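As structure tokens, the structure follows; a few thoughts come after it.
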Amino acid sequence: MTSPVSIGSFDSIEQAAVALQALFRTTMAARPAMGSAFRWEAKVPDTEPLAWLNHQDNLIRMYCSNRERRLQIAALGVADMLRYKDGETELHEALQHVFARLHELPEGMRFYGGMRFAEEVSHGDPTWHRFGRVRFVLPAVELLRDDTCTMLAMNLVISDEPAREIHQYSAILQALTTPPPLTAAHLPLPVKRVNHPDRDQWEDMISHARHLMAGGTLEKLVLARRCVFDFGEPLNPMALLQRLHEASPDSFHFCFNYGNEIAFIGATPERLYQRKGNQLLSEALAGTRPRGATEEDDAWLASELMASAKERSEHQLVADAIVGVLSNFCTSVHRHPTPEILKLQYVQHLRTVISGELRDPISDADLLMALHPTPAMGGWPRAIAMQKIADLEPFDRGWYAAPIGWVKRDEAEFAVAIRCALVEGSRLALYSGAGIMPDSDPEQEWREIESKIGNFLRILTS
């Protein structure tokens with residue numbers, strides 16, 4: 001195992017790329033053993049990661065930024081990839097492989113990726129087949145921008161195909177340049193929209209859920225809709241990401257572009273957890289109202305949300321569940337006694353911040369499996385809710401509502417993949433869900449799932 005190597009500061013990305021090319025050639029000429037891993041880091045002038053990524057042409061492109069945009073990461077290419085197909089292995093085992101791999105690699109290396117919402121594919125739906133049950137990628141090159149600097153990094157893991165590595169890295173490094181400023185992104189207008197379920201099916205689903213709750217089988221069930229748009233031409237995933245980035249500055253942004261015209265993109269408000277060493281930060285986010293047109297309307301909607309017995313009960317269920325899970329992993333858990341209002345650009349939510357100190361050692365695989373899905377994404381009790389979701393929803397959730405993010409040896413940041421879209425050529429599928437409680441009104445819940453795709457609708461129709 002080697003440590004990351006800082007190769008200094010450079011006046012441009014081009015100069016850093018030349019230095020990285022020289023290091024790559026020298027390293028490959030030395031014929032390192034298969035499995036040897038290297039990481040080089042270069043400080044470069046401040047560069048917008050989204051502009052840089054948009055300027056790159058690669059089959060694998062990824063983007064992550066936290067809600068405060070204090071960390072933005074653009075990445076491309078593949079140095080190492082752990083991908084497990086549906087049915088190939090259990091979720092927990094696959095995740096354990098990913099996180100164990102990090103301890104064989106230099107510090108600072110990050111895997112980016114995610115996992116399925118459920119173990120099994122629903123209804124034989126092949127939509128998410130290319131993503132797999134679990135998929136995490138260690139990129140060949142990253143551009144990382146935080147509060148202190150912008151850094152260009154290269155990861156290299158020696159495989160049994162050195163010719164492939166030489167070809168990939170030579171192409172990537174030769175193309176690394178300072179990007180031009182972002183210009184307005186073009187998106188075609190949609191020509192067709194189909195909801196799965198439609199309005200009548202939605203009401204039937206809620207009626208069924210309420211019947212189960214009345215019988216004591218469930219306390220809460222989260223039901224979702226897939227809204228599919230067709231366009232007259234292929235969508236550019238980077239253009240969609242750019243527009244979403246501009247429209248929702250207060251969210252976690254992500255993009256997993258796995259091929260020319262397939263990408264999973266989102267701007268989610270929901271953190272699953274952040275880990276720094278043994279310090280853990282999570283949050284319960286449940287209960288929603290739109291933002292008001294005026295300050296007075298906005299304040300009224302916030303107070304109505306805070307006073308709603310249905311929303312407070314739903315939120316309490318989520319917060320209690322997260323605290324219960326973390327109590328099994330932490331020496332101490334702290335939560336705010338009452339929820340606060342998290343105001344986003346177009347909606348507002350009830351939020352409770354929860355923190356804890358992890359016992360040592362704790363695996364991120366164990367944390368993910370224990371926290372996912374929270375009652376905000378699945379329902380309660382968990383096992384029954386997961387089965388009813390598979391029975392009632394007329395599509396496979398795939399990576400929707402599942403953990404996505406990045407992990408390195410001593411840190412991790414996972415968000416929940418909501419407010420998201422799957423790009424497939426000229427088709428775009430938007431996903432949104434609502435927490436169903438015994439007193440849920442189908443009309444109000446339909447309006448909620450419509451409001452939750454509001455950012456995308458404004459982008460697609462403006």
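The values are calculated or read from the model by the stated rules, or taken from the named source; none is laboratory data. The structure displayed is predicted, hence computed values, not measured ones. Here Cβ is always computed from backbone atoms with ideal geometry, including for glycine, and neighbour counts include all displayed protein chains. For accessibility, only protein heavy atoms count, side chains too; no ligands or nucleic acids. Shrake-Rupley method; radii C 1.70, N 1.55, O 1.52, S 1.80 Å.
Quick look at the numbers
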{"quantity": "Over the chain, relative contact order from alpha-carbon pairs under 8 Å, at least 6 apart, %", "calculated": "21 percent"}
{"quantity": "Percent RCO, i.e. relative contact order, over region 90-183, from Cα pairs under 8 Å lying at least 6 residues apart", "calculated": "20 percent"}
{"quantity": "Region 32-130, relative contact order [Cα under 8 Å, separation at least 6], %", "calculated": "25 percent"}
{"quantity": "Gain upon complete extension [Ser36, Leu281; 0.36 nm per residue less C-alpha separation]", "calculated": "84.8 nm"}
{"quantity": "Spatially proximal lysines relative to Lys220 (Cα-Cα < 30 Å; intrachain offsets below 8 disregarded)", "calculated": "Lys310, Lys343, Lys388, Lys452"}
{"quantity": "Charged-residue dipole, Cβ positions (Lys, Arg, Asp, Glu), region 217-296 about Cα centre, Debye nearest 20", "calculated": "340 debye"}
{"quantity": "Cβ-defined net charge surrounding Lys85, 12 Å radius [Lys, Arg +1; Asp, Glu -1]", "calculated": "+3"}
{"quantity": "Cα gyration tensor shape of region 388-462, rounded if a/c is under 1.5, else prolate or oblate by comparing a/b with b/c", "calculated": "oblate"}
{"quantity": "Per residue solvent-accessible surface (Å²) - the chain, probe of 1.4 Å", "calculated": "40 Å²"}
{"quantity": "Region 311-462 - percent of accessible surface contributed by carbon and sulfur, probe 1.4 Å", "calculated": "51 percent"}
{"quantity": "Residue-averaged 222 nm ellipticity for the chain, from DSSP H runs of 4+ at -39500 (n - 2.57), nearest 500", "calculated": "-9500 deg cm²/dmol"}
{"quantity": "Per residue convex hull volume, Cα atoms of region 314-436, in Å³", "calculated": "140 Å³"}
{"quantity": "Scattering curve values for the chain, log₁₀ I(q)/I(0), Debye with Cα scatterers, q = 0.09 Å⁻¹", "calculated": "-0.59"}
{"quantity": "Fraction of accessible area attributable to carbon and sulfur, region 65-198 (%, probe 1.4 Å)", "calculated": "52 percent"}
{"quantity": "Net charge over other residues, Cβ less than 10 angstrom from the Cβ of Ser3 (K, R count +1; D, E count -1)", "calculated": "0"}
{"quantity": "Whether region 237-365 is rounded, prolate or oblate, judged on the alpha carbon gyration tensor where a/c under 1.5 counts as rounded", "calculated": "oblate"}
{"quantity": "Debye, to nearest 20: dipole size of the chain, +1 on Lys, Arg Cβ, -1 on Asp, Glu Cβ", "calculated": "540 debye"}
{"quantity": "Förster-model FRET efficiency, 25 Å R0, Met81 and Asp46, C-beta, rounded to 0.05", "calculated": "0.25"}
{"quantity": "Farthest positive-ward along region 398-459 dipole, Cα basis, beta-carbon charges - from Pro403, Gly425, Met437", "calculated": "Gly425"}
{"quantity": "Backbone HN-Hα couplings from phi across region 160-172 [Karplus 6.51/-1.76/1.60, Hz, Gly and Pro as x]", "calculated": "8, 10, x, 5, 5, 5, 4, 5, 5, 5, 4, 5, 5"}
